[in-house]
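The values are calculated or read from the model by the stated rules, or taken from the named source; none is laboratory data. Treat the numbers as computed from the prediction; the structure is a model and nothing was measured. Backbone-built Cβ (ideal geometry, glycine too); neighbour counts: all protein chains shown.
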């Protein structure tokens with residue numbers, strides 16, 4: 001319930017000591033200061049002491065005090081608090097890690113806003129339209145679908161939409177995650193769960209073509225690690241870095257199959273051509 | 001919120017129950033030792049050693065002095081909560097599953113599974129104040145349901161016993177005579193086995209969860225269907241908040257589907273629904289396996305969930321939980 005982080009003691013150099021008044025050495029060390037829990041619950045304790053080498057050392061201990069629960073206990077409950085341990089708990093020492101406070105902050109995640117599905121279908125049309133624009137940066141925020149204004153991570157309307165992996169509700173989420181997981185990890189996917197199975201007429205090979213996004217006009221120096229970094233927010237992708245060609249407008253081809261934007265549900269095979 | 005993780009069990013959790021005052025949390029699991037924890041900080045108080053099989057459920061008396069457990073080793077045991085000593089053992093011919101004290105703890109209802117030709121049954125036993133006077137004889141035994149009875153609880157004022165099980169039919173029995181009073185409608189009822197049943201604080205309504213991916217809210221006296229809550233996963237555990245009009249469902253995917261879906265770590269969630277409008281409020285993620293047990297603290301300010309992963313996660317709600325507008 002208390003997270004402790006100790007800052008390393010800072011050694012004062014003799015030069016600084018001179019400045020600081022040599023008198024400090026004669027007096028007792030400065031007193032321990034406690035900066036009590038502020039509104040974030042952070043308590044700082046600053047102590048001074050002499051270490052083994054005779055140097056004055058300042059130790060700052062930063063603690064976050066979190067009150068997880070306040071129990072207003074009845075009289076009986078207070079008595080129960082002082083019961084002795086029994087069974088397997090008898091030999092428990094205070095440091096036993098049976099009970100731990102989670103390091104992650106878990107929130108009650110509200111469900112996504114309805115309307116998200118329609119918006120995604122719309123955006124497929126937009127990139128196609130902007131294909132002709134020379135040098136236009138395609139900056140599509142996946143959450144509010146405003147082009148060229150901000151990236152997804154910087155979206156001011158974060159709360160509204162869901163991450164794209166789970167954006168399409170039907171078929172049930174388990175099937176979606178199955179296909180994306182299966183394709184991305186390269187793990188075995190049984191025939192019933194493969195992408196091709198339920199969607200009529202699609203087999204493995206076409207799936208590769210369907211999910212491809214072609215990104216052009218990248219810098220000549222672009223390498224795979226850069227692409228990985230750039231496209232990481234979009235999920236796990238496969239890249240094909242093509243040959244250097246001529247400069248051209250940045251194009252983003254999005255393949256739409258059966259009127260649905262499937263790149264969001266399965267893995268994206270990204271064929272990147274530097275031209 | 002920062003859940004408190006309690007890893008006291010090596011095997012999946014089966015049941016969680018708070019005592020009436022909300023300061024103790026009892027957890028039952030497939031490892032043979034039910035455990036008691038302090039409900040504010042999750043510190044373990046003790047374990048009850050003695051069973052030889054998975055412990056399926058437990059109940060605690062109103063003064064938190066007696067614990068009753070039902071186990072797959074064909075016994076149900078009475079324990080002293082404070083010291084962990086066994087007070088009495090009820091022996092059966094088949095695994096015991098659900099246990100429930102009646103109001104006043106003079107009686108308890110213990111269900112047994114169908115086993116080797118024996119049908120499932122609900123045994124009602126008298127419980128005496130003094131464990132020395134305790135005998136194992138049943139006041140009466142209720143039979144009738146096909147398949148396992150997963151949960152049987154006492155209805156309002158101990159007048160009835162409500163049972164739910166694998167045959168997806170809820171039955172209300174008269175507790176004086178043992179006669180079957182009501183059965184739930186085929187159309188209203190669940191389509192697949194019911195896994196869990198939990199009643200409201202005043203006992204006027206109860207919620208059942210089923211493998212058909214839904215939970216239903218029923219009236220305890222008339223057995224009419226009030227509400228239905230639909231999820232995407234089979235429901236293993238249900239709980240109702242004593243403070244707000246919220247219902248929580250916990251579940252997971254079928255074991256057969258595990259290898260074929262992406263079980264990303266920590267993705268199993270307890271789903272909150274508004275009780276009245278049946279709409280989803282949100283989910284609390286974190287478990288690494290399907291959730292098998294849910295319980296709300298009687299003060300409504302915290303809840304705990306137990307999963308297939310052996311962890312009990314104790315959540316104290318943040319301030320904004322109490323101001324959620326649907």
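Worth pointing out:
- Residue ranges of strands (runs of 3 or more DSSP E) in the stretch B:11-62 with at least 2 members within 7 Å of chain A (Cβ to nearest Cβ): B:44-47
- Of the residues making up the stretch B:141-157, those that are out of contact with any strand residue (DSSP E or B) (no Cβ under 7 Å at 6 or more places or on another chain) and at pLDDT 90 or above are B:156, B:157.
- Filter result (assigned to a strand (DSSP E or B) and within 17 Å of residue B:196 (Cβ to Cβ)) within the stretch B:206-225: B:206, B:207, B:208, B:209, B:210, B:214, B:215, B:216, B:217, B:218, B:225
- Among the numbered conditions (1) over 25 Å from residue B:14 (Cα atoms); (2) touching a strand residue (DSSP E or B) at 6+ places or on another chain (Cβ under 8 Å), the only one that residue B:186 does not meet is (2).
- Looking only at the stretch B:6-18, and only at residues there that are farther than 20 Å from residue B:72 by Cα and crowded, with 19+ Cβ neighbours inside 10 Å, the one that is farthest from the chain's Cα centre (by Cα): B:6
- Scanning the stretch B:78-129 for residues that are assigned to a strand (DSSP E or B) and out of contact with any strand residue (DSSP E or B) (no Cβ under 8 Å at 6 or more places or on another chain) gives a single hit, B:115.
- Taken as a whole, the condition of being buried (at least 19 other Cβ atoms within 10 Å of the Cβ), farther than 21 Å from residue B:124 by Cα and out of contact with any helix residue (DSSP H, G or I) (no Cβ under 6 Å at 6 or more places or on another chain) applies to residue B:45.
- Residue pairs whose Cβ atoms lie under 7 Å apart, sitting 6 or more positions apart in sequence or on different chains, and linking a residue in the stretch B:261-283 that is within 17 Å of residue B:308 (Cβ to Cβ) and more than 11 Å from chain A (Cβ to nearest Cβ) to a partner that is surrounded by 22 or more Cβ atoms within 10 Å (Cβ to Cβ) and at pLDDT below 90, are B:268/B:252; B:268/B:287.
- Filter result for the condition that a residue is more than 14 Å from the chain's Cα centre (by Cα) and touching a residue at least 60 places away in the same chain (Cβ under 8 Å), over B:43, B:21: B:21
- Candidates B:22, B:50, B:84, filtered to the one that is within 28 Å of residue A:75 (Cβ to Cβ) and surrounded by fewer than 23 Cβ atoms within 10 Å (Cβ to Cβ): B:22
- Residue under evaluation residue B:167, criteria (1) modelled with pLDDT of 90 or more; (2) surrounded by 15 or more Cβ atoms within 10 Å (Cβ to Cβ); (3) in contact with a strand residue (DSSP E or B) (Cβ under 8 Å, 6 or more places away or on another chain), criterion not met: (3)
- The requirement of being under 17 Å from the mean Cα position of the chain (by Cα), under 29 Å from residue B:6 (Cα atoms), more than 11 Å from chain A (Cβ to nearest Cβ) and in contact (Cβ under 8 Å) with a residue 40 or more places away in the chain is fulfilled somewhere in the stretch B:110-121, by at least one residue.
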